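Colleague: I have a structure I would like to understand better, so I am pasting it below and will then ask my questions one at a time.
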Amino acid sequence: MADVYTILYVGDDAALRQRLGEVLPAAGYRLLAVADACAALALMAQQLPDLVLSEVAMPGMGGVELLEALAAQDGELAQLPFILLAAPAERRSPLRGRLSGAGDYLSKPIDFELLLAAVAARVRRRRRGDSLPPPPAVPGRALLLAQVAAARSARATQTLLLVKVDTYLALTMRLAPAEQPLLQQDMLAWLAPLAGGGPVYSWFDGCWALLLSEEAAAQAATVLAQRRTLEAGGGIAYTCSALCIHLDWQAPALRRFEAAMLVESCALHLNFESAGNPRRFIELGHGDYRALQAARHAERYLGQALQSGELTLLFQPRVDLLGGRIVGAEALLRWPHADIGALSPGAFVPAAERSGLATDLDHWVIAQTLEAVTELVSLRPDFILSFNISAQSLGRGVPAFLNAQLQAGRLALAANLEIEVTETSMTYLTAAIEADIAALRALGLKLAVDDFGMGYASLDYLKRLHAEVIKIDRSLVTDITGRSIDARLIAGLIGLGRAMGCVVVAEGVENAAQAALLAELGCRFAQGYHFYRPMPLAELLSLLRSP
């Protein structure tokens with residue numbers, strides 16, 4: 001019978017303990033669990049596990065202190081494989097833990113594929129270590145992080161590459177213990193030319209890191225796209241995913257991050273992005289760090305911004321291409337005076353989802369939209385004001401909430417409102433959501449399909465919902481005058497819209513040539529910088545008052 005390895009979990013994270021109780025036994029391990037370090041020491045005096053998984057932060061003695069206590073023991077206790085589990089805020093403790101002998105540490109939330117790979121590697125080395133050839137000596141991540149931190153202090157520029165073997169756990173399961181060092185040897189030989197004479201670092205089991213030479217930076221994507229064949233286990237093919245991180249430490253947006261935290265977060269990003277989607281090559285540059293900075297700021301201050309009135313709606317007019325008359329507008333959510341500069345919804349709406357403020361944000365947008373349309377209709381009774389709803393908002397009951405607001409003395413405004421749902425969001429529609437939308441449309445409110453032509457909505461969705469408006473995605477409009485294929489696509493979409501009785505609106509019109517060609521193709525309405533940029537409500541009202 002094969003050995004059953006015993007894993008001891010030390011920590012008071014009930015959810016993680018439950019998940020480990022599912023994952024580890026399913027992989028053939030026996031799990032023991034205790035809530036704190038003192039209980040762990042008492043248990044290990046009675047029975048010795050094959051590996052310890054310990055939380056860094058625990059009441060009383062923490063995970064690093066437990067590791068140090070075991071390292072001070074004689075005999076097998078001092079040799080126990082040890083993996084620390086750390087939240088992002090606890091990143092300094094694992095560095096200390098590695099100096100005390102921790103084999104590895106994993107960031108929470110836990111990637112269970114990596115966890116199983118790390119556990120398998122550690123317990124095999126413990127039980128069969130004498131029969132394995134010694135793996136190549138590879139510097140660890142602490143040395144790499146020290147180099148990155150030094151570059152940050154010197155405001156230097158670096159290009160860091162993290163390379164992760166796809167489906168690493170499945171690959172190692174196919175290798176005999178004596179063959180597993182061959183994978184590391186193969187990876188080191190493959191990556192060494194990209195390092196330009198510098199070292200290749202071990203980041204964790206199945207993942208390596210290096211500082212790219214200037215010459216290799218342009219070649220890395222091509223090199224790493226290759227499939228490798230390991231001359232072991234009968235010849236095993238494998239691929240890798242990689243994250244290329246361009247670090248210009250002079251950039252203000254980048255300098256707001258500590259070196260270790262940034263790189264650790266990027267490694268976690270690589271794990272998530274490559275899970276189930278292998279052979280990825282991802283690059284992070286200045287714009288991405290700006291996005292990270294915006295997301296961090298939004299998560300911290302969005303609630304305060306909602307309360308203090310820092311958010312606003314801007315309005316981009318919709319015009320009739322036949323005469324240039326303003327016939328409506330799209331309400332656009334903005335955070336204009338954030339401490340780090342103006343933020344668009346792409347920066348803070350995902351933060352609202354993560355921080356539990358999405359419903360509050362939806363309700364705020366609806367309240368502001370209803371106030372705005374009241375003023376706009378007083379000047380133009382036929383004015384149409386559109387606003388966007390995401391798939392997540394649909395699932396949170398936003399249509400039902402809007403219905404309740406209209407029923408509270410504002411039914412006359414329904415005919416002047418238009419909900420924009422992105423084409424891709426339509427695939428998330430349920431019968432309950434469709435019923436909520438149908439109730440709004442029964443009041444006179446219109447439904448628009450936004451970003452049309454770039455998503456995956458089928459004609460079945462369009463027929464079921466009876467959308468009154470389709471908005472052609474700006475990416476198709478951009479090259480309409482220079483690329484005949486785009487013009488033909490738009491002509492087809494306009495024809496489709498007409499056949500279904502829909503109003504067609506083109507977005508992103510930037511110049512007179514685009515506007516003229518759209519009109520020639522039969523598109524009646526458009527919006528874009530050629531006509532008007534998004535503007536405050538007061539400015540739009542002034543435009544409507546002018547003759």
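The values are calculated or read from the model by the stated rules, or taken from the named source; none is laboratory data. Owing to the predicted nature of the structure, the values given are computational and were not obtained by experimental measurement. Glycine gets a Cβ as well: all are built from the backbone with ideal geometry, and neighbour counts include every protein chain shown. What goes into the accessible areas is simple: the full protein's heavy atoms, side chains included, and nothing from ligands, DNA or RNA. Shrake-Rupley method; radii C 1.70, N 1.55, O 1.52, S 1.80 Å.
Colleague: What FRET efficiency, computed as 1/(1 + (r/R0)^6) with R0 = 25 Å and r the Cβ-Cβ distance, is obtained for Ala154 and Thr222, rounded to the nearest 0.05?
Modeller: Approximately 0.25, to the nearest 0.05.
Colleague: Keeping every protein chain present and rolling a 1.4 Å probe, give me the accessible area per residue for the chain in Å².
Modeller: About 45 Å² of surface per residue is accessible.
Colleague: Further question: What three numbers, in Å, describe the spread of the alpha carbons of the range 459-547 along their principal axes, ordered from the longest?
Modeller: Here the Cα extents, ordered largest to smallest, are 41, 34, 21 Å.
Colleague: What does the highest-first list of 366-374, 347-355 look like by mean Cβ count within 10 Å?
Modeller: Packing proxy ranking, top to bottom: 347-355, 366-374.
Colleague: Could you give the alpha-carbon Rg of the range 176-238 over 2.2 N^0.38 Å, rounded to two decimals?
Modeller: Normalised Cα radius of gyration, the range 176-238: 1.18.
Colleague: A follow-up question, please. For the range 388-547, just list the percent of Cα-Cα distances falling in each 5 Å bin from zero outward, please.
Modeller: Spelled out per bin, shortest first, that is 2, 8, 16, 18, 18, 16, 12, 7, 2, 0, 0.
Colleague: Along the range 495-507, what does the Karplus equation 6.51 cos²θ - 1.76 cosθ + 1.60 (θ = phi - 60°) give for ³J(HN,Hα), rounded to whole Hz, x for Gly and Pro?
Modeller: Couplings: x, 4, x, 4, 4, 9, x, 9, 6, 10, 10, 9, 9 Hz.
Colleague: In the chain, what % of DSSP beta bridges are antiparallel (nearest 5)?
Modeller: Of the beta bridges lying entirely in the chain, close to 45 percent run antiparallel.
Colleague: Computed over the Cα atoms of the range 386-450, what is the convex hull's projected area averaged over all directions, in nm²?
Modeller: Quarter of the Cα hull surface area: 3.7 nm².
Colleague: Right, next: Could you work out the relative contact order of the range 356-431? I mean the mean sequence separation of Cα pairs under 8 Å and 6+ apart, divided by the number of residues, in percent.
Modeller: 41
Colleague: In addition: State the answer as a single residue: which of Phe348, Cys523, Leu313 lies farthest towards the positive end of the charge dipole of the chain, with beta carbon charges of +1 for Lys and Arg and -1 for Asp and Glu, about the Cα centre.
Modeller: Cys523
Colleague: Please tell me the relative contact order of the chain in percent, rounded to the nearest whole number, where contacts are Cα pairs under 8 Å and at least six residues apart.
Modeller: 8
Colleague: On average over all directions, what projected area in square nanometres does the chain have, based on the convex hull of its Cα atoms?
Modeller: Hull-based average projected area comes out at 31.4 nm².
Colleague: Size of the dipole of the chain about the Cα centre, Lys and Arg at +1 and Asp and Glu at -1 on the beta carbon, nothing else charged, in debye to 20?
Modeller: For the chain, the charge dipole is close to 340 debye.
Colleague: At a threshold of 8 angstrom on Cα-Cα distance, excluding pairs fewer than six apart, so keeping six or more, what relative contact order does the range 1-92 reach in percent?
Modeller: 29
Colleague: What percentages, rounded to whole numbers, describe P(r) for the range 326-470 computed over all alpha carbon pairs with 5 Å bin width beginning at zero?
Modeller: 2, 9, 19, 22, 21, 16, 9, 3, 0, 0
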